[in-house]
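Trainee: Below you will find the structure I want to go over with you.
Computed from the coordinates by the stated procedures, all read-outs in this text should not be read as laboratory data. Computed from a predicted model, the values in this text were never measured in an experiment. Cβ atoms come from the backbone with ideal geometry, glycine included; neighbour counts cover every protein chain shown.
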Amino acid sequence: MATDEEAMHEEAMHEDMDRKAPPQKLGGVRGMNDVLPVDEPLWRALDEAVADTMRAYGYQQIRTPIVEHTRLFVRGIGEVTDIVEKEMYSFTDSLNGEDLTLRPENTAGVVRAVIEHNLLYDGPKRLWYRGPMFRHERPQKGRYRQFHQVGAEALGLAGPDADAEVILLCQRLWDQLGLTGLSLEINSLGAADERRRHRAALVAYFEANADALDADARRRLHSNPLRILDTKNPEMRALVEAAPRLIEFLGDESLAHFEQLQALLRSQNLPFRINPRLVRGLDYYNLTVFEWVADIGGTPLTVCGGGRYDPLIEMLGGKPAPACGFALGVERVLELMREQAGVPAAAQCEVYVVHQGVGTLEAALQAAERLRDAGIDVLLHCGGGSFKSQFKRADASGASLALILGENELARNEASLKWLREPAGEARQQTLPLAGLADALIDLIAGDAGN
């Protein structure tokens, strides 16, 4: 039996070994990716285009929590959906026992907020959002477990004019981003009674062809047969193609809504294709549904999807009110932007301040702060070093200009200015007085941009 002294010695040996062992390298969670600085200009370009486009259509931004009650999504999305059955990140709060979920989509959260804060009390609302969503699915290019969406929701508006507007909003966003090759597909899911008749016909049809159904289709047959139409199984393609079509069950009112939507899109010369097999993966849709599809890396993928969801507000406990909207997958749009436009240059600043010598750091710091006061983006060199090494950093920063403060410049109350990119006029380097430096630099930068 080990003595206390031996036990202490053994413990000390283990502690010594732990100190010598290198720490284990930690990686990110699979399917949840870092956005590195080199990609930030692309994200920023998309963010700015989205904000500008939403503003042009009178949409106001709303921000809802990432965590919601699980029952919100079970009730809103539908219990018999892939999202609720397989993909949600759900957990029980250890403090109060509540069942909570990381949001897999944001329409339900927006509607919950609209009901909770009575936002429709004074009329319709146009709202938009952006942010991360979470689904536990197989990661692939442009589709991750933490992914980002931008969405727009037009609440309290019942007509096809609102449907047309959200579709045209998407087209304007593609135009602003300079994206081409996106095709629009539309369909109508009709009203509840029409879907019930179609559902009964679908069930009868698939029951008569039960031997041809795969396991997923058999599971959905009586719970959500409409989702069988969205199968990705090529062996079921012919069977699905011959299934009863919902449009054949639409009544006069639903058909009029769909036909007026088409007329509005044609009036704006917006091409589209009617896809009678187009459905949405969420239970709350009715009437109009649409998708924007693009070729990404040689594969046709849905970039954006949406439609009308008139039942949802009442389903979540609010007073009945119509609504429509869409959500786009940010990562897929970014892939399109990379393919078609490339990644913008990641300039860290407009001006890089280099300095060397007695008293120059204080003067450089003062100059940098005054330039920032004037709205100029500035990087001040930190850490010392030769002018040569500092200029390497200045060039790598993407700055257009290097502002140079050495002992000679400081003695003359001046700063030297060197153009690191295309020069303004013929002057590649010049001097400026420290007094009024910001105004002089603004004039130079504006003049260079005009050239």
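Trainee: Would you mind ranking Val333, Val203, Val289 by Cβ crowding within 10 Å, fewest neighbours first?
Mentor: So the residues, fewest neighbours to most, are Val203, Val289, Val333.
Trainee: For region 351-450, give the magnitude of the charge dipole about the Cα centre (Cβ charges: +1 Lys/Arg, -1 Asp/Glu; no others), in debye to the nearest 20.
Mentor: 360 debye
Trainee: Among Ile186, Ile247, what is the fewest-to-most ranking by other Cβ atoms within 10 Å?
Mentor: Ile247, Ile186
Trainee: Next question. Gain in length, Arg172 to Glu241, computed as 0.36 nm per residue apart minus the alpha-carbon separation, to one decimal in nm?
Mentor: 21.5 nm
Trainee: In degrees, nearest 10, range 0 to 90: what is the angle between the Cα axis of helix 252-267 and the longest Cα principal axis of the chain?
Mentor: With both axes taken from Cα atoms, the answer is about 30 degrees.
Trainee: Oh, and also: Of the listed peptides 257-265, 324-332, what is their order by residue-averaged count of other C-beta atoms within 10 Å, with the highest listed first?
Mentor: Numbers: 257-265: 17.7, 324-332: 22.4.
Most protected by this proxy first, the peptides run 324-332, 257-265.
Trainee: Around His148, which amide H atoms from residues at least 5 apart in sequence, or from another chain, sit under 5 Å from its own amide H, with H modelled in the peptide plane?
Mentor: Under 5 Å from the amide H of His148: Met133, Val330, Glu331.
Trainee: Using the Cα atoms as the points, what is the convex hull volume per residue of the chain in Å³?
Mentor: 264 Å³
Trainee: So what's the back-of-envelope 222 nm ellipticity for the chain, counting only DSSP H runs of four-plus at -39500 (n - 2.57) apiece and dividing by all residues, rounded to 500? Write out the running numbers ahead of the final one.
Mentor: Working: 15 runs with 173 residues, N = 451.
Calculated mean residue ellipticity at 222 nm is -12000 deg cm²/dmol.
Trainee: Of all DSSP beta bridges in region 267-411, what percent run antiparallel (nearest 5)? Intermediate values should be presented prior to the final figure.
Mentor: Details: 14 of 23 bridges.
If I count the DSSP bridges inside region 267-411, around 60 percent turn out antiparallel.
Trainee: Output the antiparallel fraction of DSSP beta bridges having both residues in region 351-450, as a percent to the nearest 5.
Mentor: Counting only bridges with both partners in region 351-450, antiparallel ones make up about 55 percent.
Trainee: List nothing, just return the count: lysine pairs in the chain, 8 or more apart or interchain, with Cα separation under 18 Å.
Mentor: Eligible lysine pairs with Cα atoms under 18 Å apart amount to 5.
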